[in-house]
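Contents: one structure, followed by commentary.
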Amino acid sequence: MEYKKNQVDLSSIRVEPNIENCKVRSLLQLSLKKIPASKNVTVVMMNPSKANQKYSDPTINRIIDFFYNEQTLDVKNIKIVNLFSFYNPKSITLHENINLSEIELNRLMKDNQHVIGTAVKDSDYIFWGWGNSPEGFHETTFYSQVLYVLTEVKCYKEKKTFVFKIDNKRANSQENLTKSKNPVHPINGPILDKVEVEIDSLYRILPINNNETSDEIYELQIT
């Protein structure tokens, strides 16, 4: 699947690590052809699916569509990071990716956390969309990464944080948090809007009742 040339500056696309046929991706960044937009956003999801420097995937294109059409945040530059950096289009088998030596796994996890921390620091806005812990995955491992991300973001009280409002066709509902109160993953359906959230002292993700937040549903042309 190609990146949309009318929306993305193809020369701006970067991945880390920049190694051909690499099995991990800690960062995907790109700039939109959106003038005079100037703001930076970081999106935190579960793990990379297929997108790299040359090719996109449905979830990445859906995110690009949203920020390209979104009018209130003035987003120009997008960074995509993940709780886990392992390429795997089927999260149900993500547990197989962590069957590494403890030394190698710790190195990959620390490298990924460093990238996340840097992306959060350098961004004006943070969006979360990691969904629930995959079936068969170690929930202690999953929530240790969630806690790391929430702790990082709590250090920057001036940054606005959002979750996506998703039109979940399978559940026949519009959602921003799962039943387990995790941010809904964009793979579940078209992105309708954004919902600003805050983290309380118990590390709960709570929507903010902000009258300035647009109630408009964005008409995204996802092709």
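The values are calculated or read from the model by the stated rules, or taken from the named source; none is laboratory data. The model shown is predicted, which means the values in this text are computed figures rather than measured ones. When we count neighbours, we look across all protein chains shown, and the Cβ atoms used for this are built from the backbone with ideal geometry, even at glycine. For accessibility, only protein heavy atoms count, side chains too; no ligands or nucleic acids. Shrake-Rupley method; radii C 1.70, N 1.55, O 1.52, S 1.80 Å.
For the reader, a short list of remarks on this structure follows.
- Since only 162, 137, 149 are under comparison, the one whose Cα sits farthest along the positive direction of the charge dipole of region 36-171, derived from C-beta charges on Lys, Arg, Asp and Glu, is 162.
- Each DSSP beta bridge with both residues in region 1-119 is either parallel or antiparallel, and the antiparallel ones are about 60%.
- For the chain: relative contact order, % (alpha-carbon pairs under 8 angstrom, 6 or more apart): 19 percent
- The stretch between residue 208 and residue 170 holds 11.1 nm of extra length on full extension. This uses 0.36 nm per residue minus the Cα-Cα distance.
- Shape of region 1-50, Cα gyration tensor, a/c cut at 1.5: prolate
- The modelled label-to-label distance for the pair residue 139/residue 2, using points 7 Å beyond Cα in the direction of Cβ, is 4.5 nm.
- Gain on full stretching of the segment that runs from residue 33 to residue 11 - 0.36 nm per residue minus C-alpha separation: 6.8 nm
- Residue 176 long-range amide H proximity, modeled H, under 5 Å: 166
- Amide H partners (placed H, <5 Å) of residue 127, local residues excluded: 42, 43, 44, 162
- Normalised contact order of region 1-124, rounded percent, pairs of Cα under 8 Å and 6 or more residues apart: 31 percent
- Annotation: the antiparallel percentage among DSSP beta bridges lying fully within the chain is about 60.
- The trypsin sites (Lys or Arg not before Pro) of region 60-140 meeting both criteria, a DSSP state outside H, G, I, E and B (loop) and at most 13 other C-beta atoms within 10 angstrom of the site's C-beta, are 90.
- Anisotropy class of region 78-140 from Cα gyration tensor, a/c 1.5 cut: oblate
- Taking 31 Å as the limit for the C-alpha separation, the pairs 5/157; 90/157; 54/181; 4/169; 5/179; 54/90 exceed it in the case of 5/157; 90/157; 54/181; 5/179.
- Cα gyration tensor category, rounded, prolate or oblate, for the chain with a/c compared to 1.5: rounded
- Charge dipole magnitude, Cβ of K and R +1, D and E -1 - the chain, Cα centre, debye nearest 20: 340 debye
- Accessible area expressed per residue, region 3-151, with surrounding protein chains retained (probe 1.4 Å, Å²): 48 Å²
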